[in-house]
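Let me begin by presenting the structure, written as structure tokens, before commenting on it.
The values are calculated or read from the model by the stated rules, or taken from the named source; none is laboratory data. Fair warning: this is a prediction, and the values are worked out from it, not measured in the lab. Note that each Cβ is placed from the backbone with ideal geometry, even for glycine, and that neighbours are counted across all protein chains shown. All accessible areas refer to the heavy atoms of the entire protein, side chains included, with ligands and DNA or RNA removed. Shrake-Rupley method; radii C 1.70, N 1.55, O 1.52, S 1.80 Å.
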Amino acid sequence: MSQVDRHLSGQASLATGAAPPARLGGAPSAGATIEFVGVAKRFWKGDTPVDAIGHVELVVRPGEFLGIVGPSGCGKSTLLNLAAGLMLPTAGEVRYQGHLVRDVNTRVGYMTQKDSLVPWRTVESNIALPLEIRGLRGRRKRELVAHYVELVGLKGFERHFPSELSGGMRKRVGLARTLVNDPETLLMDEPFGALDAQLRLLMHEETLRIWEHSRKTIIFVTHDLAEAVLLADRVVVISARPGRVKLIKDIDLPRPRDVARVRFDPRFGRLFEELWAALGEDVRRGDENR
Amino acid sequence: MSRALEVELPVERPGPAAPSLAERPSKGRRGLVLLLTRVVLVGAILVVWQYAAERLIDPFWISSPAEVWARLRKLAVVGDSPWEALVNFPSTDLVFHLRYTFQEMILGLVYGTLAGTVVGFVLGRARFLGDLINPLIIAIYSLPKLALAPLFILWFGIGIESKIVFSATIVFFLVFYNTFIGAREVDQDLVDVVRIFGANRFQVLSAIVVPSALTWVFAGVRLAVPYSLVGAVVAEMMASNRGLGFLISSAANQFDTGGVFAALVVLMIVSVSINGLVGRGESVLLRWKVVSR
């Protein structure tokens, strides 16, 4: 139990060595977990260029819960892919703890929009995957896996395969698999989009509890503005494609938050409206462009 | 620990293993009715066949169930009384032919699968090489394999070698093609996932690429098993003095229709059993592929 708790709070982490990994280069600059400096990203659809991200300047502070909202197709997921080092920017640079991200960023945990579970591995074996990659075996591995299976409420489903689970359950396996690796920073791309309202509430509670416990940095991409306001310290509104930072709003709702009640706080309503005004224009514009 | 635990989650729990969901309702009464109807149907066909052979068509062409049964008996057992038949089943003669065919089939399957897996994986991973050789492979693949048999007989003689090579060739292409595709179409998202977990090249291969390709290999082998039997039997029919294919062709050469049918019955029993076994193995190995509804 104590072992597991220590793991949860991020102190006994194996993933986060003291020295930065060799693949992160450049001069460190303190005070930011992730920096997007003049970042642009262009994709090619055959011969036509698609500018997913126009020009993004954004600093993610250590330990903060950052919500990112924007109309669909505005490059929100691209931002996370860049932070994870799965793709490189067309212009500008992405820095992680001051080091240029040049390759896959193994210091982050990334929950992609797709659940990306390994279909031939059972629930527990999927959750064990990051531990196996780190070379963790035996009792300690089993304990951690059991702990996270319980955490996401999948006890009794350990030996099921992803194809035997509902969409919501698969998401929770993905969450457990990301958390078991105890990353410093969590990138979450609409992680709870597929869940029903009740379950989402539970997962929000769980996410906040884990975050408050571990003080990880979390970047949370969502299309649900209320979800962003509910959870985040700051909410970033991204414009329609090509994505730019349109507005950054501090969410000054008190912590710890009760996810079931915070919606009824009058400040919640004001924040929501202000953000919606910024977001709404682009949602409509994005719609017309289609 | 977590509040999520105290809430009964609104999810349907699929049954254990849950193999073919479609088959489940047919168990019980419906299954019994089906079985009985099948028995009656087969019985009716046999009766009509027997009647036709006695009254309508010269048994030279269609033999008759009674004659086929007699030939089967002669092939499978030695002796006349039922007791002798039981003790002497299967006859050394039948075992001799069956063993020969099995040997060709299994060796063909093993060699073909090994070669198909290795070549498929290498060409699938080495993109340039794959693109280079792919058209050639497709060209050979689209060739009817039967057309290769005379060449193999020429090269490897009329002994067991040419049959093994022929069977292995058929198996090779089925397994190769599946492995090739499997090694190419590895889900990039899965690769990204393990890379973020810090996997090195070898770990990406062992955790994602190889298992992903292996599921395709299994699919190829599943497909190849019945064909390995086809390969062995067809090659035997072309040039051989033993095996199930030989039994068929030698009976046919002697205008022994009953003998042909008897050998076909044996072949049918063999292939149905093999397919049944493969199906069992598949449902165990590929349980994760079952989609629950």
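All but one of (1) free of Cβ contacts under 8 Å to residues at least 60 places away in the same chain; (2) within 11 Å of chain B (Cβ to nearest Cβ); (3) open to solvent by less than 10 Å² (accessible area, probe 1.4 Å); (4) not in a helix (DSSP H, G or I) hold for A:ARG172; state the number of the condition that does not hold.
(4)
Scan the stretch A:115-128 and give yes if some residue there is more than 18 Å from B:ILE196 (Cα to Cα), in contact (Cβ under 8 Å) with a residue 60 or more places away in the chain and not aliphatic (A, V, I, L, M), otherwise no.
no
If A:GLY135 passes every condition in (1) open to solvent by less than 20 Å² (accessible area, probe 1.4 Å); (2) at positive phi; (3) within 12 Å of chain B (Cβ to nearest Cβ) but one, which one does it miss?
Among (1) open to solvent by less than 20 Å² (accessible area, probe 1.4 Å); (2) at positive phi; (3) within 12 Å of chain B (Cβ to nearest Cβ), the lone unmet condition for A:GLY135 is (1).
Of B:VAL122, B:VAL186, B:VAL165, B:VAL193, which residue is open to solvent by 60 Å² or more (accessible area, probe 1.4 Å) and either at pLDDT 90 or above or over 25 Å from B:VAL233 (Cβ atoms) (or both)?
Result of the check over B:VAL122, B:VAL186, B:VAL165, B:VAL193: B:VAL122.
Checking the condition within 7 Å of chain B (Cβ to nearest Cβ) and either open to solvent by 50 Å² or more (accessible area, probe 1.4 Å) or farther than 30 Å from A:GLY38 by Cα (or both), which residue from A:ASN181, A:ASN126 passes?
A:ASN181
Just give me the residues in the stretch A:154-167 being under 22 Å from the mean Cα position of the chain (by Cα), under 21 Å from A:ILE210 (Cβ atoms) and open to solvent by 10 Å² or more (accessible area, probe 1.4 Å), in sequence order.
Hits for the stretch A:154-167: nothing passes.
Is there a residue in the stretch B:92-101 that is among the aromatic types (Phe, Trp, Tyr), open to solvent by 100 Å² or more (accessible area, probe 1.4 Å) and at pLDDT 80 or above?
Checked the stretch B:92-101: no residue is among the aromatic types (Phe, Trp, Tyr), open to solvent by 100 Å² or more (accessible area, probe 1.4 Å) and at pLDDT 80 or above.
Could you say whether any residue in the stretch B:216-227 is within 14 Å of chain A (Cβ to nearest Cβ), open to solvent by less than 20 Å² (accessible area, probe 1.4 Å) and of a type in the set (A, V, I, L, M)?
Looking through the stretch B:216-227, at least one residue is within 14 Å of chain A (Cβ to nearest Cβ), open to solvent by less than 20 Å² (accessible area, probe 1.4 Å) and of a type in the set (A, V, I, L, M).
I want to confirm something. Restricting to the stretch A:64-100 and keeping residues that are of a type in the set (Ser, Thr, Tyr) and not in a strand (DSSP E or B), which single residue is nearest to A:SER239 (Cα to Cα)?
Within the stretch A:64-100, the match that is nearest to A:SER239 (Cα to Cα) is A:SER72.
Go through the residues of the stretch A:84-93 one by one and say whether even a single one is of a type in the set (A, V, I, L, M, F, W, C) and in contact with a Phe, Trp or Tyr (Cβ under 7 Å, 6 or more places away or on another chain).
The answer is yes; a qualifying residue exists.
Are any residues in the stretch B:245-264 out of contact with any helix residue (DSSP H, G or I) (no Cβ under 6 Å at 6 or more places or on another chain) and in a helix (DSSP H, G or I), and if so, which ones?
Within the stretch B:245-264, B:SER250, B:ASN253, B:THR257, B:LEU264 meet the criteria.
Filter the stretch B:47-81 for residues that are open to solvent by 70 Å² or more (accessible area, probe 1.4 Å) and over 33 Å from the mean Cα position of the chain (by Cα) and give the result.
Listed by number, the residues that qualify are B:TYR51, B:GLU54, B:ARG55, B:LEU56, B:ILE57, B:ASP58, B:ASP80.
Could you check, for the stretch B:216-232, whether at least one of its residues is farther than 30 Å from B:ALA53 by Cα, free of Cβ contacts under 8 Å to residues at least 12 places away in the same chain and touching a Ser or Thr at 6+ places or on another chain (Cβ under 6 Å)?
No; the residues of the stretch B:216-232 include none that is farther than 30 Å from B:ALA53 by Cα, free of Cβ contacts under 8 Å to residues at least 12 places away in the same chain and touching a Ser or Thr at 6+ places or on another chain (Cβ under 6 Å).
Pairs, please: C-beta under 8 Å, at least 6 apart or cross-chain, first residue among the β-branched types (Val, Ile, Thr) and in the stretch B:37-57, second loosely packed, with under 10 Cβ neighbours inside 10 Å and in a helix (DSSP H, G or I)?
From residues that are among the β-branched types (Val, Ile, Thr), there are no pairs.
Condition check: within 12 Å of another protein chain (Cβ to nearest Cβ), among the small types (Gly, Ala, Ser), open to solvent by 20 Å² or more (accessible area, probe 1.4 Å) and without any contact (Cβ under 8 Å) to a residue 12 or more places away in the chain. Does B:SER206 satisfy that?
Considered against the rule, which asks whether it is within 12 Å of another protein chain (Cβ to nearest Cβ), among the small types (Gly, Ala, Ser), open to solvent by 20 Å² or more (accessible area, probe 1.4 Å) and without any contact (Cβ under 8 Å) to a residue 12 or more places away in the chain, B:SER206 comes out as yes.
List every residue pair whose Cβ atoms sit under 7 Å apart, with the two residues 6 or more apart in sequence or on different chains, where the first one lies in the stretch B:260-277 and is within 16 Å of B:ALA76 (Cβ to Cβ) and the second, anywhere, is of a type outside the set (D, E, K, R) and open to solvent by 40 Å² or more (accessible area, probe 1.4 Å).
These pairs meet every condition: B:VAL260/B:ALA252.
If we keep just the residues of the stretch A:76-115 that are among the small types (Gly, Ala, Ser) and either open to solvent by 10 Å² or more (accessible area, probe 1.4 Å) or within 14 Å of chain B (Cβ to nearest Cβ) (or both), which is nearest to the chain's Cα centre (by Cα)?
Top of the filtered list is A:GLY109.
Only one of (1) under 26 Å from the mean Cα position of the chain (by Cα); (2) part of a helix (DSSP H, G or I) fails for B:PRO135. Which number is that?
Checking B:PRO135 against (1) under 26 Å from the mean Cα position of the chain (by Cα); (2) part of a helix (DSSP H, G or I), the one that fails is (1).
Can you pull out every residue in the stretch A:42-58 that is in contact with a Gly (Cβ under 9 Å, 6 or more places away or on another chain) and closer than 16 Å to A:VAL237 by Cβ?
Across the stretch A:42-58, the qualifying residues are A:ILE53, A:GLY54, A:HIS55, A:VAL56, A:GLU57.
Can you say whether B:SER142 is surrounded by fewer than 15 Cβ atoms within 10 Å (Cβ to Cβ) and either hydroxyl-bearing (Ser, Thr, Tyr) or under 16 Å from B:GLY220 (Cα atoms) (or both), as far as the supplied structure shows?
yes
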